[in-house]
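Student: Would you mind keeping the following structure in view while I ask a few things?
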Amino acid sequence: MPFTLEKSIQAFGEAKKHIPGGVNSPVRSFRGVGGTPPFIAGAAGSRMTDIDGNTYIDYVQSWGPMIVGHAHPAVTEALREALARGTSYGAPTLLETELAQMVKKAFPSMDLVRLVNSGTEATMSALRLARAFTKRSKIVKLAGCYHGHHDSLLVKAGSGATTLGIPDSPGVPEGIASATITVAYNDAAGMEQVFQQYGEDIAAVIIEPVPGNMGLILPREGYLRQVREITRRYGAVLIFDEVMSGFRVAYGGAQEFFGITPDLTCLGKVIGGGLPVGAYGGRQDIMELIAPAGPVYQAGTLSGNPLAMTAGIATLRIIAETPDFYKRLTEATAKLCAGVRAQAEKFGFALQYHQIGSMFGIFFTDKPVYDYDSAKQSDVGAFNTFFHAMLEQGVYLAPSQFEAAFMSSAHTEEDIQATIAASARAFARVQEYKAEK
Ligand code: KE4
């Protein structure tokens, strides 16, 4: 059946009449890569099917949550049973305690855990908490890291590397943006310089220990340890935003993988199994400031929702009960990357391949990528050409050079081989693109 997006094109036109940009989250609009986003009709395992009947091997997985694959029978069965007991009570349930205990088991740095509805809520609340705990107002974020859409973090670097932030979106007040300092990732000297200049006023550093929002970037040897040492020396709270890396890089996230203990951790995505869940947690002496235990207010109508808890518990249980879950997932991811790399090298493309656990990313540049500026050197046109050539062959990658891709335990050897074969034809298209440039 020839590849067509005819029905999605119509659906996108209709959606734009009712929803800004036709989507409920900007990156889904394909604005980064051009073209029309397929409207998805359903998904199972490693595959998604759109309303035109095209089927895709899915490496986006709802941007991370679907690590055991779409519509896993154990998850859907647990949800079916939970549905019969109602959808939300606005009152405590045993499920919330169970999920919190599972999270604490995987993340021993989290003495207490508060469940919320999104990663944005988790990071927003963690920052408020860090400011309350330290009685300081400034925060440090890393250029290219994304932590959700709350005002304090929709900020970009000012003119110099260590100047106070300026808004990265209309609607963010200067006063809030200027309390956020942006530093380059993988630059410990720059972090040290910021603390020498503002250290006594810095409440927290919030960092994606393994950034997945500027493409997948890996920390240099010792970098995270240096950040931990600097924040401890100045009494600033170290917040690991593991919304994406948590249960992805390892069961215990990047903090387990690299052996670093943050003061607070933010989670999301996988712990909801595809339903809306976020979480933040960490040191008892900090978390006990959170209402109603303490004075720092944070609340949510649907926080700890029984359906979301059910999907998260079922997902984490599958992971915990599958022998060598991460070993096999990491090996499958490495096999895919090696196969794609071999195809690229046949065309003489020296691209950058990053992989850790079940996360991977390819940068269309022959130069090393270690932070946001170097990531922006990538040939976005080449990536976009590759993206669409893969999509038309039934491989669904993240619609942006500056996102990460994900492998799930539902992906098969056949999926991997089909993806590698599709990449050969996609690189041929990239070669044509380069010849026409
Ligand atoms: P949400 O509010 O979207 O649940 O989480 C925000 C967030 C926080 N921290 C990290 C490290 C994240 O990656 C995210 C959200 N990730 C994006 C993908 N780049 C979600 C996709 C989207 O925005 O639609």
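Student: Order 89, 326, 280 by their accessible area, 1.4 angstrom probe, all chains in place, largest first.
Tutor: Accessible-area ranking of 89, 326, 280, largest first: 89, 326, 280.
Student: Related question: Find the accessible area per residue for the range 73-321; the probe is 1.4 Å, ligands and nucleic acids are left out, and the unit is Å².
Tutor: Result: 39 Å² per residue.
Student: Could you work out the relative contact order of the range 73-321? I mean the mean sequence separation of Cα pairs under 8 Å and 6+ apart, divided by the number of residues, in percent.
Tutor: Taking the mean separation of contacting Cα pairs over the length of the range 73-321, I get 29 percent.
Student: Express the relative contact order of the range 198-330 as a whole percentage, based on alpha carbon pairs under 8 Å and six or more residues apart in sequence.
Tutor: Relative contact order of the range 198-330: 19 percent.
Student: Which one of 397, 316, 302 has the biggest mean-square fluctuation once the chain is modelled by GNM with Cα springs under 10 Å?
Tutor: 302
Student: Out of 391, 193, 75, whose Cα points farthest toward the positive end of the dipole of the chain (charges: +1 Lys, Arg; -1 Asp, Glu; placed on Cβ)?
Tutor: The listed residue farthest towards the positive side: 193.
Student: If you don't mind, another one. Residue by residue, what Karplus-based ³J(HN,Hα) values in Hz, rounded to whole numbers, does the range 54-70 have, using 6.51, -1.76 and 1.60 with θ = phi - 60° and x for Gly and Pro?
Tutor: Taking θ as phi minus 60°, the curve returns 6, 10, 10, 7, 9, 10, 9, 6, 6, 6, x, x, 8, 5, 9, x, 6 Hz for the range 54-70.
Student: Out of the total accessible area of the range 292-437 (probe 1.4 Å, heavy atoms of protein only), what percent is carbon and sulfur?
Tutor: Exposed carbon and sulfur together represent 53 percent of the surface.
Student: Report the local net charge at residue 313: Lys and Arg +1, Asp and Glu -1, summed over other residues whose C-beta lies under 13 Å from its C-beta.
Tutor: -3
Student: OK, next. In the chain, what percentage of the DSSP-assigned beta bridges are antiparallel, given to the nearest 5?
Tutor: Around 60 percent antiparallel, to the nearest 5.
Student: Over what distance in Å are the Cα centres of the range 396-420 and the range 72-106 separated?
Tutor: 29
Student: May I ask you to list the trypsin sites (Lys or Arg not before Pro) in the range 31-132 that are in a DSSP loop and have at most 11 other Cβ atoms within 10 Å of their Cβ?
Tutor: Those that pass, being in a loop and sparsely packed, are 85.
Student: Starting from the 7 Å offset along Cα-to-Cβ, what nm value, one decimal, do you get for the label separation of residue 77 and residue 324?
Tutor: Calculated label separation equals 2.5 nm.
Student: A follow-up question, please. Compute the signed sum of charges (Lys and Arg +1, Asp and Glu -1) over the other residues within less than 9 Å, Cβ to Cβ, of residue 119.
Tutor: -1
Student: Something else about it: For the chain, set up a GNM with springs between Cα atoms under 10 Å and report which of 61, 226, 355 has the largest fluctuation.
Tutor: Maximum fluctuation in the GNM of the chain, among the listed residues, is at 226.
Student: When the Karplus curve 6.51 cos²θ - 1.76 cosθ + 1.60 is applied with θ = phi - 60°, which whole-Hz ³J(HN,Hα) does each residue of the range 33-42 get, with x for Gly and Pro?
Tutor: Taking θ as phi minus 60°, the curve returns 10, x, x, 10, x, x, 8, 7, 8, x Hz for the range 33-42.
Student: Once phi is turned into ³J(HN,Hα) by the Karplus curve 6.51 cos²θ - 1.76 cosθ + 1.60 with θ = phi - 60°, what whole-Hz value does each residue of the range 269-277 show in order, with x for glycine and proline?
Tutor: 6, 3, 6, x, x, x, 9, x, 9
Student: Using the Kyte-Doolittle scale, find the helices of the chain whose mean hydropathy is at least -1.0 and whose Cα atoms extend 20 Å or more along the helix's long axis, counting only whole DSSP H runs.
Tutor: Qualifying helices: 119-134, 306-321, 325-346, 413-436.
Student: Separate question: Work from the charge dipole of the chain (Cβ charges, +1 for Lys and Arg, -1 for Asp and Glu, about the Cα centre) and give the residue of 60, 267, 33 farthest towards its positive end.
Tutor: Checking the options against the dipole of the chain, the answer is 267.
Student: Then there is this: Could you work out which residue, out of 368, 211, 20, moves most in a Gaussian network model of the chain, that is, has the largest mean-square fluctuation with Cα springs under 10 Å?
Tutor: Ranking 368, 211, 20 by mean-square fluctuation puts 20 first.
Student: Quote the FRET efficiency, to the nearest 0.05, computed for residue 233 versus residue 166 with a Förster distance R0 of 22 Å and r equal to the Cβ-Cβ distance.
Tutor: The calculated FRET efficiency here is 0.20.
Student: Let me ask something else about it. If you add up the charges near residue 14, with Lys and Arg at +1 and Asp and Glu at -1, over every other residue whose beta carbon is less than 14 angstrom from its beta carbon, what do you get?
Tutor: Value of the local net charge: +2.
Student: With +1 on each Lys and Arg Cβ and -1 on each Asp and Glu Cβ, and nothing else charged, work out how big the dipole of the chain is about its Cα centre, in Debye to the nearest 20.
Tutor: 260
Student: Calculate the dipole size of the range 73-321 relative to its Cα centre from +1 charges on Lys and Arg beta carbons and -1 charges on Asp and Glu beta carbons; express the result in debye to the nearest 20.
Tutor: So the magnitude is around 80 debye.
Student: With a cut-off of 8 Å between alpha carbons and a minimum separation of six or more residues, what is the relative contact order of the chain in percent?
Tutor: 21
Student: Follow-up. Do the sum for the chain: with -39,500 (n - 2.57) for every DSSP H run of n ≥ 4, divided by all residues, what is the mean residue ellipticity at 222 nm, to the nearest 500 deg cm²/dmol?
Tutor: Mean residue ellipticity at 222 nm (helix-derived): -12000 deg cm²/dmol.
Student: Considering only DSSP beta bridges where both residues belong to the range 73-321, give the percentage that are antiparallel (nearest 5).
Tutor: 40
The values are calculated or read from the model by the stated rules, or taken from the named source; none is laboratory data. No experiment lies behind these values; they were computed from the predicted model shown. Reconstructed Cβ throughout: ideal geometry from the backbone, glycine too, with neighbour counts over all protein chains shown. For the accessible areas, the whole protein counts, side chains as well, though only heavy atoms, and no ligand, DNA or RNA atoms are used. Shrake-Rupley method; radii C 1.70, N 1.55, O 1.52, S 1.80 Å.
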